[in-house]
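Visitor: Submitted below is the structure of interest, expressed as structure tokens.
The values are calculated or read from the model by the stated rules, or taken from the named source; none is laboratory data. Not measured: the values here are computed from a predicted model. Neighbour counts run over all protein chains shown; Cβ positions are idealised from the backbone, glycine included.
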Amino acid sequence: MSHLEREALIESRIEALDLAPQLLITPGGLYASAVQDGLTLYLSGQVPRVGDSVPYVGRVGDEVSLEEGTKAARLCVSRLLGAIKESLGSYARVRRLCKMTVFAQAASPSALSAVAEAASTALEEVFSPSGSHARTTIGVALLPRNAPVEIELIVAVEPGGTN
Amino acid sequence: MSHLEREALIESRIEALDLAPQLLITPGGLYASAVQDGLTLYLSGQVPRVGDSVPYVGRVGDEVSLEEGTKAARLCVSRLLGAIKESLGSYARVRRLCKMTVFAQAASPSALSAVAEAASTALEEVFSPSGSHARTTIGVALLPRNAPVEIELIVAVEPGGTN
Amino acid sequence: MSHLEREALIESRIEALDLAPQLLITPGGLYASAVQDGLTLYLSGQVPRVGDSVPYVGRVGDEVSLEEGTKAARLCVSRLLGAIKESLGSYARVRRLCKMTVFAQAASPSALSAVAEAASTALEEVFSPSGSHARTTIGVALLPRNAPVEIELIVAVEPGGTN
């Protein structure tokens, strides 16, 4: 499959999964949404911001329903996708996902796992067959903007590509 | 020391330390227990599961005693060892440990540190003289399966090896 | 700019910002303050220790004021700078900052962000124009020594340098 065909395939999946990547990611402070070093791309933790608002706040299984929590996780993925596109110029330059870390405010272990699974499922489908990733899932006390979930990602990049 | 001698040495230490590595690590969701990129192996966070059960649940220094907490940390190490063996085919392909992150539910700073030290001590002994590692220790609100501790690891791999 | 000129520039910034790097970093347990693998330097999480004491303990926005919280974050940066100098021999061997993770005990999202911003600002100024970094900010339940903040860092190293 050519680079352009792979790009079209990934974009069609993102659209089918309704993951609307958010471009022009503005970090919430004095940092970058992504830093590439060699063939490794480090993505900043993303909370489920839409523009400048965070539609879900608080704990999953409490103020935030389980369904809203999984939507919030998918919004984090949308922002990660936007940061990937902005950094690399194309999704097809993702060689492989390496490691995802999911931090969530959760009222129970099952709520915690549901949120992480929603993010893993989305990323796995978008980047298949290179979407497999290591994962750590952590229940936290608080997150920026009182978001229910924050997700960070380390991605391996294709060599030799240019934007 | 040859690769085979190194492998036998590490296996003898694992046995002497009673760390029984758990093979056939089944992740608790749609993710991989490890992803290798180049010479870097990213290991998913491991909770102290034995088969499908988690023998210790809750907070160290509270529902879980300090002694149980250190046992739980060693179970996490056993699972990390299993994931290393499954991914690389042999322990001797570990060139160096890079970074361990210990997340624990802990009732006090001293309980938190005791859990992390148990894991560091085990890994240091198993992989000596390549067992030195950077570490971050964090007290969390909740973990998957209500585990008292979850440990993730980044490992550097020997070049040129095959499984 | 030569390596020596770059080193002098960074040292003058550290002095101007009153960040007094702490050398002879002693880890609080059986681990290393930093591990270099290839051109990647993994720095252990640092709490705001000064010698063997932690001048601020508890939650930012609660026992610890916002101003003390940002001072604590800068102490973490001082320790990270000391660990960089000890590992690499010079600051000028830092090619780029990759990823910072800020863990804080915080009473509110704004306290959490203020602490993280203080650390980002300091690192950005010290290493400019290579100080840009990805960041994840997390509110935690507890930290070693009951510190209000703990900061870890991944740094890219110049090739070919020697100490």
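Visitor: Restricting to the range A:99-117, name every residue that is part of a loop (DSSP other than H, G, I, E, B) and surrounded by fewer than 24 Cβ atoms within 10 Å (Cβ to Cβ).
Guide: Once the filter is applied, which keeps residues that are part of a loop (DSSP other than H, G, I, E, B) and surrounded by fewer than 24 Cβ atoms within 10 Å (Cβ to Cβ), the range A:99-117 yields A:Ala107, A:Ser108.
Visitor: Give me the pairs: first residue in the range B:61-80 and farther than 15 Å from B:Val50 by Cα, second residue at pLDDT 95 or above and among the hydroxyl-bearing types (Ser, Thr, Tyr), beta-carbon distance under 6 Å, and six or more apart or on different chains, which are they?
Guide: Close Cβ pairs satisfying both conditions: B:Gly61/B:Ser108; B:Val64/B:Tyr56.
Visitor: Please enumerate the residues belonging to the range A:28-75 that are assigned to a strand (DSSP E or B) and under 18 Å from B:Ala141 (Cβ atoms).
Guide: A:Gly45, A:Val60, A:Val64
One line per residue, one yes/no per condition, for (1) in contact (Cβ under 8 Å) with a residue 40 or more places away in the chain; (2) within 14 Å of chain A (Cβ to nearest Cβ):
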{"site": "B:Glu7", "(1), (2)": "yes, no"}
{"site": "B:Ile14", "(1), (2)": "yes, no"}
{"site": "B:Leu24", "(1), (2)": "yes, no"}
{"site": "B:Ala34", "(1), (2)": "yes, yes"}
{"site": "B:Tyr42", "(1), (2)": "yes, yes"}
{"site": "B:Gln46", "(1), (2)": "yes, yes"}
{"site": "B:Ser53", "(1), (2)": "no, yes"}
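Visitor: Given the conditions (1) under 14 Å from the mean Cα position of the chain (by Cα); (2) of a type in the set (Val, Ile, Thr); (3) farther than 23 Å from C:Glu15 by Cα, and given that C:Val140 satisfies all but one, which numbered condition is not satisfied?
Guide: The single condition C:Val140 does not satisfy is (1).
Visitor: Report, by residue number, each residue of the range A:118-163 that is among the basic types (Lys, Arg) and closer than 16 Å to B:Gly28 by Cα.
Guide: A:Arg135
Visitor: For the range B:57-67, does any single residue satisfy the condition of being out of contact with any Leu (no Cβ under 8 Å at 6 or more places or on another chain), within 14 Å of chain A (Cβ to nearest Cβ) and within 18 Å of B:Val157 (Cβ to Cβ)?
Guide: Scanning the range B:57-67, I find no residue that is out of contact with any Leu (no Cβ under 8 Å at 6 or more places or on another chain), within 14 Å of chain A (Cβ to nearest Cβ) and within 18 Å of B:Val157 (Cβ to Cβ), so the answer is no.
Visitor: What is the number of the single condition among (1) within 20 Å of B:Tyr56 (Cβ to Cβ); (2) of a type in the set (Val, Ile, Thr); (3) in contact with a Gly (Cβ under 7 Å, 6 or more places away or on another chain) that B:Ile138 does not meet?
Guide: Failing condition for B:Ile138: (3).
Visitor: Go through the range B:65-86 and give me each residue that's of a type in the set (Val, Ile, Thr) and surrounded by fewer than 23 Cβ atoms within 10 Å (Cβ to Cβ).
Guide: Hit for the range B:65-86 is B:Thr70, nothing else.
Visitor: Hey, can you tell me all the residues within the range A:96-127 that are in contact (Cβ under 8 Å) with a residue 60 or more places away in the chain, more than 8 Å from every other protein chain (Cβ to nearest Cβ) and not acidic (Asp, Glu)?
Guide: A:Ala122, A:Val126, A:Phe127
Visitor: Check whether at least one residue in the range B:15-26 is in a loop (DSSP other than H, G, I, E, B), buried (at least 19 other Cβ atoms within 10 Å of the Cβ) and hydrophobic (A, V, I, L, M, F, W, C), and report yes or no.
Guide: Scanning the range B:15-26 turns up at least one residue that is in a loop (DSSP other than H, G, I, E, B), buried (at least 19 other Cβ atoms within 10 Å of the Cβ) and hydrophobic (A, V, I, L, M, F, W, C).
Visitor: Where residues in the range A:128-145 are small (Gly, Ala, Ser) and facing another protein chain (nearest Cβ under 7 Å), which of them is nearest to A:Arg95 (Cα to Cα)?
Guide: Across the range A:128-145, the extreme among qualifying residues is A:Ser132.
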